[in-house]
Amino acid sequence: MPCPNDLTAEQGAALFVNGQTAYHALITIGVAEPAENVLITAAAGGVGTCAVQIAKLLGAKVIAAAGTSDKRDLAKQLGADVLIDYTRADWPQRVLEATDGAGVNLIIESVGGEVASSCVKCWAVGGRMVIFGKASGTPATISGDDLLFGNRVVYGLAPGTVLEDEELMRRAMDQLIGWVQAGDLRLTIGKSYALKEAAQAHRDLEGRATHGKLVLLR
């Protein structure tokens with residue numbers, strides 16, 4: 001897909017996969033509705049920064065979870081309504097307090113492990129969860145009872161599979177580009193690397209000290 005002339009190559013790299021993943025997690029699969037409570041874990045990552053903004057554009061109340069204060073500050077700058085430190089053991093209780101006890105209707109989850117399991121503690125009845133990654137290295141574990149007795153649903157999202165539907169991909173891309181050009185979607189590029197620095201980019205990403213999109217430049 002051609003990169004629009006008014007976007008830099010770095011912006012194009014930051015938009016395509018991250019923007020598409022956030023779009024499909026929230027809209028195609030998550031079916032986010034206005035005024036819903038939406039929890040986004042890893043909210044300062046490449047997908048997370050797009051998801052925070054798109055959820056706001058859809059009219060949702062956005063609860064952004066991240067592990068450091070600078071990452072939470074970034075989520076706030078992008079429009080998040082509530083900031084959550086998911087390194088604290090009581091973070092699900094804070095989410096419940098922020099939603100007047102109702103919990104979250106939609107969870108956009110990519111951390112896995114204990115964070116994913118703890119999401120259940122603040123998940124509204126009838127809620128949905130879209131899982132598209134496991135940054136912690138440990139897959140999410142959600143019990144059948146948590147789904148059964150709360151009428152809840154978990155969806156998996158493999159972006160590459162979705163992008164194989166060219167009509168769907170182009171429709172989403174048109175919307176994403178429109179938001180960027182209108183100034184409604186800010187592309188957050190955490191750092192750019194020369195291609196020969198690819199190994200360092202991976203180390204930085206694995207160290208979870210980065211934010212936004214990491215871009216390799218040829």
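The C-beta contact set for the range 182-209 (first residue assigned to a helix (DSSP H, G or I), second residue surrounded by fewer than 13 Cβ atoms within 10 Å (Cβ to Cβ), distance under 6 angstrom, 6+ apart or interchain) comprises LEU195/ARG218.
Every residue, every condition in (1) touching a Lys or Arg at 6+ places or on another chain (Cβ under 6 Å); (2) in a loop (DSSP other than H, G, I, E, B); (3) among the hydrophobic types (A, V, I, L, M, F, W, C); (4) closer than 24 Å to ALA13 by Cβ, yes or no:
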site	(1), (2), (3), (4)
VAL52	no, no, yes, yes
VAL62	yes, no, yes, no
ASP100	no, yes, no, no
THR138	no, yes, no, no
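The set of residues in the range 176-188 that are out of contact with any Ser or Thr (no Cβ under 9 Å at 6 or more places or on another chain) and crowded, with 17+ Cβ neighbours inside 10 Å comprises LEU176, ILE177, TRP179, VAL180, LEU185. Taken together, GLY79, GLY101, GLY59 contain a single residue that is surrounded by fewer than 18 Cβ atoms within 10 Å (Cβ to Cβ) and in contact with an Asp or Glu (Cβ under 9 Å, 6 or more places away or on another chain), which is GLY59. Filtered by the rule that a residue be surrounded by fewer than 21 Cβ atoms within 10 Å (Cβ to Cβ), farther than 23 Å from GLU33 by Cα and of a type in the set (Val, Ile, Thr), the range 104-143 gives THR138, THR141, ILE142. When every residue of the range 5-24 is checked against the conditions, at least one turns out to be among the β-branched types (Val, Ile, Thr), at pLDDT below 95, part of a helix (DSSP H, G or I) and within 19 Å of GLY160 (Cα to Cα). In the range 79-98, of all residues being assigned to a loop (DSSP other than H, G, I, E, B) and in contact with a Gly (Cβ under 9 Å, 6 or more places away or on another chain), the one that is farthest from LEU185 (Cα to Cα) corresponds to THR87.
For the range 62-75, residues that are of a type in the set (Val, Ile, Thr) and open to solvent by less than 30 Å² (accessible area, probe 1.4 Å) total 2.
The values are calculated or read from the model by the stated rules, or taken from the named source; none is laboratory data. Source: prediction; values computed, not measured. All Cβ positions, glycine included, derive from the backbone under ideal geometry; neighbour counts span all protein chains shown. We work out accessible area using only protein heavy atoms, side chains counted, and drop any ligands, DNA or RNA first. Shrake-Rupley method; radii C 1.70, N 1.55, O 1.52, S 1.80 Å.
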